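Below is one structure, written out as C-alpha cells; the observations come after it.
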Amino acid sequence: MTRPDIESCKTALRAAGIPPEDAAGPVQRKSRDFYWYSPILKRQLAEVTGDFIVSPRTEDEVRTVLATCYAHSVPVTVRGGGTGNYGQSMPLKGGCVLSTAELTRHEIHEGRLVTEPGAVMADLETACRAKGQELRLFPSTTATATIGGFIAGGSSGVGAIRWGGLRNPANILKLRLLTMEAEPRVIELDGHDVHKAAHAYGVNGVITRLELPIDPASDWIGVLVGLPDLSAALRFGLAVGGQDDILCRMISVFEPGIAERYFLRHRAFLTEGEGLVGLYVSRETLPALETFATAQGAVIRFRDGQSEQRVPPLYEIGWNHTTLRAMKVDPDTTYLQMMFGDDPAAEAARLKARFGDEMRLHFELTRIMGKVRAVAMPLVKYTDEARLEELVTLLESDGFTVFNPHRVTLEEGGMKAPDLDQLEFKRETDPRGLLNPGKMIAWEDPDWVPVAGRTYLFGETAREGAE
C-alpha cells in the first residue's frame, strides 16, 4: 500500500466542504467499539486509532470522501454506533474514520423499510411501529446501534427465533454501496448477492442505502419462566420455539445462578437455583404460553407490567447484554460463541461436567433452515490468554463449532475460511485494499489457511506466524 498523505487529504476535504475532525480525544473515541469485551482484543487493540473523522451528510459527500481518500492513499473505516464486539469498525491502519451519524434518512412502506446506514435501530423500530409495523431483527444494543453497522458487522439478534439470522436470504432485500476507486461507482445488490457486502465489516464497499423487510407489529410481552435446572430450561425453550400457537420474538436460556447474580433489577422476582427462560411472546398468544408452561411444570416468575419497579427490557438481559451485566459484577468474565447440535441439553450437561463454573451457559434460540437451534454465548471465567485459547481448542476438538469473539478478522471469528464471493467482490470494489484494511486475511495472503492457536493481526499471515 502506498504511504498515505494524511495532511493533503484533510486539506482537500476541507476545500470540498467536508471538514475533518482531528482532535485526539474524539478521534480515539470514534476509533473504538466494544472490543474490550475480549481481554485478548483489549490488549491487542488498545493503541488503535484513526487519524481523523469525517461525517458526510449525503451519498454525494460519501463519494467525495472516498475519491479524496483514494487519491491520497488514505485507508477508510466506516463507523456506525460502535457497538460491535470484535474490533469490526476499528481502523487497524489508521486513516479516515467515516462516521455515518448524519446519514439517517429513511422511508417506511408497506412491508419494506428503505434507510440510510446511520439510522439508529431503536428509532427505526419506533418509526415502523407508528405505522403498525416492526423490524424483523435487532441487536441487544438497539438503543445506539445503527442499521448499517448491524448489517455490515452483525449476524443475528432479537427476532432470530422467528426469522433466523441475517444469513437468511429473506432478511435483507437490497444494498446500495459505493466503491473505493478514483471515481467511486454505485453498485446495487439484491437476492443472494447482498451477502457479498453483508457481514463483511465494510471491507468491500461503503453501504449508503439498505432495503429491509418489515412486518405487522405485535404487542410483545417479556416473560421470565423458572424451571428446576438447565436441562429442563433448555428443553422448555426449544419446545416453546416449536409451538405453532405461541408466537415468540426472543427465547433466551440461562443456567441456574446467572440471573440471581447478574440480573439485579429482576432478582426480586426470581427463585434461587432455577434454570431460567426469558421470552418475548405476543400478547395474543400469552395464554397459550401460560397453559404450556403449566403442563411442563414451569412457573412464570415475571412478566412485563407486573411491578411498578423499573426493570430493563428483556432484550437487555439477553444476547451479549448478558455478558455485559456479568462483567459489571465480575470483571474477570468474558465469553465465547458456539453452535450446539441436535441434543443441546445433553451437550450442555457434558460441558458442565467438564468445565464446571469456568463456563456458565447462556443460550439464544434461533431458527436455521426452519429448525429451532441453540446458539450458546457462555460466560467464561478469564484467567489468562493461554487458558482462553486452550478452551477454544478443547471445545473444537470435542466437536463444537466456536465462533471466536477474540479475533478481529472475518475468517477467524466466524467463517473459518475465506468467503470467496466477498474476496472477489473486494477485488472489484476496492482494488487497492483501502477499505478497513487488516480485517480480511485472504486479501493480505491469498494462500492463507487457518493455523490452530494463532492470532493474526495488522495483515500478519499464517506463514509469518509459523516462522
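The values are calculated or read from the model by the stated rules, or taken from the named source; none is laboratory data. None of these values were measured; they are calculated from a predicted model. Ideal geometry is used to build each Cβ from the backbone, glycine not excepted, and the neighbour counts take in all protein chains shown. Keep in mind that these areas ignore ligands, DNA and RNA; they rest on the heavy atoms of the full protein, side chains included. Shrake-Rupley method; radii C 1.70, N 1.55, O 1.52, S 1.80 Å.
In the stretch 140-180, how many residues are assigned to a loop (DSSP other than H, G, I, E, B), more than 18 Å from Met339 (Cα to Cα) and modelled with pLDDT of 95 or more?
At the first step, the residues of the stretch 140-180 found to be assigned to a loop (DSSP other than H, G, I, E, B) are 140-145, 154-157, 159, 164-173, 179-180.
Subsequent filtering for residues that are more than 18 Å from Met339 (Cα to Cα) retains 140-145, 169-173, 179-180.
Add one more test, that the residue is modelled with pLDDT of 95 or more, and what stays is 140-145, 171-173, 179-180.
Here the count works out to 11.
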- Query: Which residue out of Ala268, Ala295 is at pLDDT below 95, closer than 19 Å to Val223 by Cα and open to solvent by 60 Å² or more (accessible area, probe 1.4 Å)?
  - Reply: Ala268
- Index of the failed condition, Tyr37 passing every other in (1) touching a Gly at 6+ places or on another chain (Cβ under 9 Å); (2) open to solvent by less than 30 Å² (accessible area, probe 1.4 Å); (3) aromatic (Phe, Trp, Tyr): (1)
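Taking the stretch 343-383 as the region of interest, how many residues are of a type in the set (A, V, I, L, M), within 15 Å of Gly242 (Cβ to Cβ) and part of a loop (DSSP other than H, G, I, E, B)?
In the first step, residues of the stretch 343-383 are kept if they are of a type in the set (A, V, I, L, M); the result is 345-346, 348-349, 351, 353, 359, 361, 365, 368-369, 372, 374-377, 379-380.
Still in the list and also within 15 Å of Gly242 (Cβ to Cβ): 345, 365, 368-369, 372, 374.
Restricting the remaining residues to those that are part of a loop (DSSP other than H, G, I, E, B) gives 369.
Count: 1.
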- Examine the stretch 162-180 for a residue that is open to solvent by less than 10 Å² (accessible area, probe 1.4 Å), out of contact with any His (no Cβ under 7 Å at 6 or more places or on another chain) and of a type in the set (Ser, Thr, Tyr), and state whether such a residue exists. yes
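Please determine whether any residue of the stretch 427-446 is open to solvent by less than 30 Å² (accessible area, probe 1.4 Å), closer than 16 Å to Tyr86 by Cα and hydrophobic (A, V, I, L, M, F, W, C). Walk me through it before giving the result.
Filtering the stretch 427-446 down to residues open to solvent by less than 30 Å² (accessible area, probe 1.4 Å) leaves 429-430, 433-442, 445.
Right, trim to closer than 16 Å to Tyr86 by Cα and you get 436-441.
With hydrophobic (A, V, I, L, M, F, W, C) added as a condition, the list becomes 440-441.
For the stretch 427-446, residues open to solvent by less than 30 Å² (accessible area, probe 1.4 Å), closer than 16 Å to Tyr86 by Cα and hydrophobic (A, V, I, L, M, F, W, C): present.
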- Item | Odd one out for Ala259, checked against (1) assigned to a helix (DSSP H, G or I); (2) touching a Pro at 6+ places or on another chain (Cβ under 9 Å); (3) not acidic (Asp, Glu) | (2)
- Mind checking which residues of the stretch 99-136 are of a type in the set (A, V, I, L, M, F, W, C), touching a residue at least 40 places away in the same chain (Cβ under 8 Å) and under 22 Å from Val65 (Cα atoms)? Ala101, Leu103
- May I ask you to list pairs of residues, at least six apart or on different chains, whose Cβ atoms are under 6 Å apart, with the first in the stretch 319-339 being farther than 15 Å from His266 by Cβ and part of a helix (DSSP H, G or I) and the second being open to solvent by 20 Å² or more (accessible area, probe 1.4 Å) and hydroxyl-bearing (Ser, Thr, Tyr)? none
- Any idea how many residues of the stretch 182-202 are more than 15 Å from Ser99 (Cα to Cα) and within 19 Å of the chain's Cα centre (by Cα)? 7
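For the subset of the stretch 181-204 comprising residues that are aliphatic (A, V, I, L, M) and in a loop (DSSP other than H, G, I, E, B), which member is surrounded by the fewest Cβ atoms within 10 Å (Cβ to Cβ)? Walk me through how you get there before you give the answer.
Applying the first criterion (aliphatic (A, V, I, L, M)) to the stretch 181-204 yields 182, 186-187, 189, 194, 197-198, 200, 203.
Applying the additional criterion that residues be in a loop (DSSP other than H, G, I, E, B) yields 182, 197-198, 200, 203.
Details: Ala182: 11, Ala197: 28, Ala198: 22, Ala200: 26, Val203: 28.
Top of the filtered list is Ala182.
Scan the stretch 33-49 for residues that are over 15 Å from His406 (Cα atoms), within 22 Å of the chain's Cα centre (by Cα) and of a type outside the set (A, V, I, L, M, F, W, C) and report the count. I'd like the intermediate steps shown before the answer.
The initial filter retains those residues of the stretch 33-49 that are over 15 Å from His406 (Cα atoms), namely 47-49.
Next cut, within 22 Å of the chain's Cα centre (by Cα) only: 48-49.
Narrowing the set further to residues that are of a type outside the set (A, V, I, L, M, F, W, C) leaves 49.
Number of matching residues: 1.
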- Note on the structure: If you go through Leu92, Leu66, Leu98, the only one that is open to solvent by less than 20 Å² (accessible area, probe 1.4 Å), aliphatic (A, V, I, L, M), in a loop (DSSP other than H, G, I, E, B) and at pLDDT 95 or above is Leu92
